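**Q** After the structure tokens below, expect a handful of questions from me.
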Amino acid sequence: MNKKTKNNLIEFGITGTIILTLFLTGLHTEVFGFVQRGILKTGLMDPDVESKSTAAELSKNPKADFNLSLINSKGERVEMEELRGKVIFFNIWATWCPPCVAEMPGINNMYNDMKGDDIAFIMLSVDNDFQKAIDFNKRKGYDFEVYKLAGSLPPMYASQAIPTTYIIDSKGNLALTHEGMGDYDSKEFKAFLTSLK
């Protein structure tokens, strides 16, 4: 075996060992999430709020389905109907999803800047074990509440992509749907949310 082939085998072996170790320890989500967080900072994944910000465009949007029952991390049942009249930031995510993990720090920053009586946040975990989402939220020190479904998800919110974010305006219209990760901690997005009150 020549020296070049031997070096290539060693490199593949080391790379394979690192990847296998990441997957076996569960750290792959954190590492891939960290890399994707860098991609978010480029602005390539930002939600398209410019084309959605005019009153004429918003009036064309469908009405949101408020028939959604949730359970929060304290075990309390919450009905989405209770949030009617507020702007709702509704994010579907999971702890095993690197793009979800990547966008969480930005969502938490935006939450701390925007939380209040006029804006509600639904961070809906689709983890099979809801305790994983609760523990993840505590471990990361995020301030927003996490939820799980208490019933079925209305078809309007069914998506093949995780994460998916839905923005509902104060009039009950579905103002924005963004599939995939996004950087929500931007002046443009915060201004968009404020305009929906």
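**Q** Compute the projected area of the convex hull of the Cα atoms of the stretch 120-180, averaged over all viewing directions, and report it in nm² to one decimal place. All intermediate terms of the calculation are to be shown ahead of the outcome.
**A** Details: hull surface 19.7 nm².
Projected area, direction-averaged: 4.9 nm².
**Q** How high is the FRET efficiency from ALA158 to LYS4, r the C-beta distance, R0 41 Å, rounded to 0.05? Before the final figure, lay out each step's value.
**A** Working: r = 51 Å, r/R0 = 1.25.
Plugging the Cβ-Cβ distance into 1/(1 + (r/R0)^6) gives 0.20.
**Q** Turning to a different aspect of this structure: Just read off the accessible area of GLU82 with the full protein assembly in place, 1.4 Å probe, to the nearest 10 Å².
**A** 120 Å²
**Q** Based on alpha-carbon centroids, what's the gap between the stretch 163-184 and the stretch 56-97 in Å, whole number please?
**A** 10 Å
**Q** As a quick test, which of the pairs LYS138/LYS190; LYS86/LYS148; LYS60/LYS86; LYS148/LYS171; LYS115/LYS138; LYS148/LYS187 have an alpha carbon distance above 22 angstrom in this structure?
**A** Values: LYS138/LYS190 25 Å; LYS86/LYS148 20 Å; LYS60/LYS86 19 Å; LYS148/LYS171 25 Å; LYS115/LYS138 18 Å; LYS148/LYS187 29 Å.
Beyond 22 Å between Cα atoms: LYS138/LYS190; LYS148/LYS171; LYS148/LYS187.
**Q** Roughly speaking, to the nearest percent, how much of the stretch 89-197's 1.4 Å accessible area is carbon and sulfur? Show your work: numbers first, answer last.
**A** Numbers: 2040 of 4450 Å².
Of the solvent-accessible surface of the stretch 89-197, carbon and sulfur hold 46 percent.
**Q** Mind checking the alpha-carbon convex hull of the stretch 88-127 and giving the volume per residue in Å³?
**A** Values: hull volume 2.1 nm³, N = 40.
Considering the Cα atoms of the stretch 88-127, their hull volume per residue is 54 Å³.
**Q** Step through the residues of the stretch 169-183 one at a time and calculate ³J(HN,Hα) from phi using the Karplus curve (6.51 cos²θ - 1.76 cosθ + 1.60, θ = phi - 60°), rounding each to whole Hz and writing x for Gly and Pro.
**A** Couplings: 7, 5, 8, x, 8, 6, 7, 7, 10, 10, 8, x, 6, x, 9 Hz.
**Q** Still on this model: If we count every other residue with Cβ under 11 angstrom of GLY172's Cβ, Lys/Arg +1 and Asp/Glu -1, where does the sum land? Provide the component values of the computation, followed by the final result.
**A** Values: positive: LYS63, ARG84, LYS86, LYS171; negative: ASP65, GLU81, ASP169.
So the environment of GLY172 carries a net charge of +1.
The values are calculated or read from the model by the stated rules, or taken from the named source; none is laboratory data. What you are looking at is a predicted structure, and each value in this text was computed from that prediction instead of being measured. Reconstructed Cβ throughout: ideal geometry from the backbone, glycine too, with neighbour counts over all protein chains shown. Keep in mind that these areas ignore ligands, DNA and RNA; they rest on the heavy atoms of the full protein, side chains included. Shrake-Rupley method; radii C 1.70, N 1.55, O 1.52, S 1.80 Å.
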